[in-house]
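Quick notes on the structure that follows.
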Amino acid sequence: RTSSNNIVLSDGDGNPRVVVDSSGAVTMPLQPAFSVNKGGTNQDNLAIGSDVTITFDTERFDNNADFNLGANSFTAPVTGKYMLSLSIRFNNVDSAAAYVLPMIITSNEVYRFIFDPDFGQDAAYWNVAFSVLADMDASDTAHVSYNQGGGTQQIDVSGDDNYTYFTGYLVA
């Protein structure tokens, strides 16, 4: 149907599913997409030598409620390719650690970013950001994890939403 110079594809109840506006822009209100952050809450003294789930407690948006804050994970509602992006700010980075390993873990794959924090002294903060195009089947999950090799248990994850967040959306 056409409405106010828009072309609208709706479901059987008249709810818009695809809207093409007069400029040609296409929006899909139910397209899977999320953006979550820590809502100002730091995650302190992360354990050493084991995977630690990074928690998120605030949604900026979450189309279709596909991100579960209680489980700290996104569940793919349909099979497809998903762009997943992580920005994480570490505080009190221990220069004696052999490595720091933030990860995006999906049901099908683990995507890792590794760095050696041997900066000559402990770093007050260090920000890591990376993105992946992940192949996910319907009901697959994705979450963020961290692992530190050696050193002292002192690294914190900043709760500042300007630095620590996890986002994703269905590409195709």
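Any residue at all in segment 9-16 that is modelled with pLDDT under 95, of a type outside the set (Asp, Glu) and surrounded by 14 or more Cβ atoms within 10 Å (Cβ to Cβ)? Among the residues of segment 9-16, at least one is modelled with pLDDT under 95, of a type outside the set (Asp, Glu) and surrounded by 14 or more Cβ atoms within 10 Å (Cβ to Cβ), which makes the answer yes. The condition (being open to solvent by 50 Å² or more (accessible area, probe 1.4 Å), in contact with an Asp or Glu (Cβ under 8 Å, 6 or more places away or on another chain) and either more than 18 Å from Ala33 (Cα to Cα) or not in a loop (DSSP other than H, G, I, E, B) (or both)) is satisfied by just one residue among Asn92, Asn162, Asn147: Asn92. Restricting segment 127-144 to residues that are in contact (Cβ under 8 Å) with a residue 60 or more places away in the chain and open to solvent by 10 Å² or more (accessible area, probe 1.4 Å), the residue that is nearest to Leu101 (Cα to Cα) is His143. The single condition from (1) open to solvent by 30 Å² or more (accessible area, probe 1.4 Å); (2) out of contact with any strand residue (DSSP E or B) (no Cβ under 7 Å at 6 or more places or on another chain); (3) not small (Gly, Ala, Ser) that Pro29 fails is (2).
Checking Val110, Val100 one by one, the residue that is without any contact (Cβ under 8 Å) to a residue 24 or more places away in the chain and of a type in the set (A, V, I, L, M, F, W, C) is Val110 and no other. Quick one: is Ser50 surrounded by 15 or more Cβ atoms within 10 Å (Cβ to Cβ), under 30 Å from Pro102 (Cα atoms) and of a type in the set (S, T, N, Q)? So Ser50 does not fit the description; no.
The values are calculated or read from the model by the stated rules, or taken from the named source; none is laboratory data. Note that this is a predicted model, so its numbers are computed, not measured. Glycine also receives a Cβ, built like all others from the backbone with ideal geometry; neighbour counts cover every protein chain displayed. Accessible surface areas use protein heavy atoms only, side chains included; no ligands, DNA or RNA. Shrake-Rupley method; radii C 1.70, N 1.55, O 1.52, S 1.80 Å.
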